[in-house]
Amino acid sequence: MQATRRIIHIDMDCFYAACEMRERPHLASKPIAVGGSSGRGVLTTCNYHAREFGVRSAMPVFKARELCPDLIILPVRFELYRAISKQVREIFHRYTNLVEPLSLDEAYLDVTHLKQRGADIATELRDTIRNETGLTASAGVAPNKLIAKIASDWNKPDGQCVVSPSRVLEFMEPLPVRKIWGVGPKSAARFAELGIETCSQLQQLDQTELARQFGSFGLELYNLCRGIDDRSVEPNRIRKSMSCEHTFGKDLETFEACEAQLERQHKELIDDLRSDAPDRQIAKLVVKLKFSDFQRTTAEKAGRQPELRAYRELLCEAWGRSGEPVRLLGLGVRFAEAHRGAEQLELSL
């Protein structure tokens with residue numbers, strides 16, 4: 001009989017801001033944020049002092065300053081965050097090689113094969129991270145990835161939540177449906193039309209009705225709302241693409257505002273490629289927009305070099321399809337399929 005999985009999701013607390021507070025201890029008691037400092041800029045994250053004023057990630061700078069006039073906004077320093085993230089991942093690998101990073105500040109760990117209880121391992125991990133990096137992390141411990149990720153947000157900051165197999169249904173039933181992996185604003189709006197707010201209410205629909213309402217995703221929802229998730233932790237997953245995208249607290253009204261945001265995100269994408277995929281061959285460049293009416297569009301072109309000029313052209317093409325204000329902008333690359341013996345092209349970044 002296969003053992004019940006024990007999955008830990010570790011999520012660093014307000015990671016970028018925490019890194020900055022560690023480097024500048026005199027700011028630890030002040031409201032700080034990381035991101036663009038101009039009026040048209042957008043915050044990447046903020047610390048918990050800033051959140052007490054209503055400041056949130058992805059919020060425009062001008063709005064954040066209205067809520068918190070004393071907010072200190074610091075520029076993004078990806079090299080610092082990557083170095084600390086690498087240190088944290090090394091701690092993960094002391095316990096298990098089954099580590100699936102999701103971003104610089106979060107990862108799944110499969111600890112099914114270890115004798116210790118999952119809760120004890122999570123506590124040790126968090127203590128070690130604090131002792132060696134000076135930062136705090138929160139954890140979710142559960143029989144699958146879906147619940148572990150939700151649970152890691154339960155007792156933030158610097159806490160953890162354990163959901164045993166016997167408590168899965170009890171845990172899922174009161175959850176808002178928007179907590180389910182894959183449920184976005186469009187699906188949430190559809191749920192609202194149907195009078196469905198919680199997983200318990202969603203469980204009342206059978207598979208046929210869910211498929212009728214939500215297509216193939218409806219069949220997944222039947223399992224997910226019950227806390228059923230068979231995805232395994234994939235430590236060696238080969239990435240097919242890389243992207244960075246931001247959802248804005250206030251829609252970008254003009255093409256010029258989108259272009260300014262594109263430049264900032266392009267720098268972020270280039271840094272990510274240099275750090276995490278320096279030897280991968282690029283096949284396509286992609287720009288994605290979501291408009292204020294929740295319509296989406298994607299523009300892409302073949303290309304091996306992620307040049308800003310090419311992304312501007314794609315942005316112009318995508319923007320021209322609607323002209324509505326933009327609530328989300330993403331840009332990225334699709335990698336060429338890796339073939340044994342194929343020549344790898346070095347990125348001229």
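A few remarks follow.
- Pairs of lysines in region 137-255 (C-alpha under 27 Å apart; 8 or more residues apart or interchain): 13
- Both numbers refer to the Cα atoms of the chain; Rg and Dmax are 21.2, 59 Å.
- Proportion of all alpha-carbon pairs of region 38-150 beyond 17 Å (%): 63
- Summed side-chain charge close to Gln203 - residues other than Gln203 whose Cβ falls under 9 Å, Lys, Arg +1, Asp, Glu -1: 0
- What you get for region 173-224, charging only the Cβ of Lys and Arg (+1) and of Asp and Glu (-1), is a dipole of about 220 debye around the Cα centre.
- Taking the centroid of alpha carbons for each part, region 120-199 and region 30-100 are 20 Å apart.
- Percent of alpha-carbon pairs separated by more than 19 Å within region 16-78: 17
- Charged neighbours of Lys186, selected by a Cβ distance under 13 Å, balance to +3 (K, R count +1; D, E count -1).
- Å³ per residue enclosed by the Cα convex hull of region 241-335: 81
- For the residues Arg94, Arg77, Arg178, a GNM of the chain with alpha-carbon springs under 10 Å puts the largest fluctuation on Arg94.
- Proximal charge balance of Lys30 [Cβ under 12 Å; K/R count +1, D/E count -1]: -2
- Check: region 241-335 dipole with +1 on Lys, Arg Cβ and -1 on Asp, Glu Cβ, in debye: 300
Computed from the coordinates by the stated procedures, all read-outs in this text should not be read as laboratory data. Being a predicted model, the structure only gives us computed values, none of them experimental. All Cβ positions, glycine included, derive from the backbone under ideal geometry; neighbour counts span all protein chains shown.
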